[in-house]
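Chemist: Structure in structure tokens, see below.
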Amino acid sequence: MWWDYQNLNKPRIDVTGKRWNFRVWHDVIDGRHIERLFYWDDTREYTGVVLLSPALHVSRLHTLIQKLVSDSEMREKHKRVLCFPLERHYSDYPAFPEENTN
């Protein structure tokens, strides 16, 4: 399910003035709490996702978001082409090959 509260979806601005958008998905699968932190710039030219298991507390998610905004190397590490709208393509587990544990 999509995490629509606690300001996790709030856009952030980096030092160059570029605006970054975020969306968090989370669920419990086979007793494990799993999260995905999606990010993209306004032009959707630069997109990515951080796959998290075990999940992070909301305060650590805010810290991770701030790190993504300020650290281009971290964004590059988690860079991935995304399809929009996210809700249509990534609402089910496993949406990414690494999540398929079968």
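Chemist: Suppose we filter Tyr39, Tyr93 for residues that are in contact with a helix residue (DSSP H, G or I) (Cβ under 7 Å, 6 or more places away or on another chain) and at pLDDT below 95; which single one remains? It would help to see each step written out before you state the result.
Modeler: Values: Tyr39 fails: at pLDDT below 95.
Exactly one residue qualifies, and that residue is Tyr93.
Chemist: If you scan the range 65-95, which residues turn out to be part of a loop (DSSP other than H, G, I, E, B) and either closer than 10 Å to Val49 by Cα or basic (Lys, Arg) (or both)?
Modeler: Across the range 65-95, the qualifying residues are His78, Arg80, Val81, Leu82.
Chemist: Next question. Could you look through the range 16-51, keep only residues that are more than 14 Å from the chain's Cα centre (by Cα) and among the polar types (S, T, N, Q), and pick out the one that is surrounded by the most Cβ atoms within 10 Å (Cβ to Cβ)? Before the answer, list the steps.
Modeler: First pass over the range 16-51, keeping only residues more than 14 Å from the chain's Cα centre (by Cα): 16-19, 28-33, 42-43, 45.
Next, from what is left, pick out any that are among the polar types (S, T, N, Q): 16, 43.
Working: Thr16: 6, Thr43: 9.
So the residue we want is Thr43.
Each row is one residue, and each column tells you yes or no for (1) at pLDDT 95 or above; (2) farther than 13 Å from Phe22 by Cβ.
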{"site": "Ile34", "(1), (2)": "no, yes"}
{"site": "Pro54", "(1), (2)": "no, yes"}
{"site": "Lys67", "(1), (2)": "yes, no"}
{"site": "Ser70", "(1), (2)": "yes, yes"}
{"site": "Lys77", "(1), (2)": "yes, yes"}
{"site": "Val81", "(1), (2)": "yes, yes"}
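Chemist: Follow-up. Can you tell me which residue is nearest to Glu87 (Cα to Cα) among those in the range 1-15 that are more than 11 Å from the chain's Cα centre (by Cα) and not hydrophobic (A, V, I, L, M, F, W, C)?
Modeler: Asp4
Chemist: For residues that are of a type outside the set (Gly, Ala, Ser) and without any contact (Cβ under 8 Å) to a residue 12 or more places away in the chain, scanning just the range 12-29, find the one that is farthest from His78 (Cα to Cα).
Modeler: Applying the filter and picking the extreme gives Val28.
Chemist: When only residues in the range 52-83 that are touching a residue at least 40 places away in the same chain (Cβ under 8 Å) and exposed (fewer than 15 other Cβ atoms within 10 Å of the Cβ) count, which is farthest from the chain's Cα centre (by Cα)?
Modeler: Residue satisfying both the conditions and the ranking: Ser70.
The values are calculated or read from the model by the stated rules, or taken from the named source; none is laboratory data. The shown structure was predicted, so the numbers you read here are calculated from the model rather than taken from an experiment. Note that we place each Cβ from the backbone using ideal geometry, even for glycine, and neighbour counts take in every protein chain shown.
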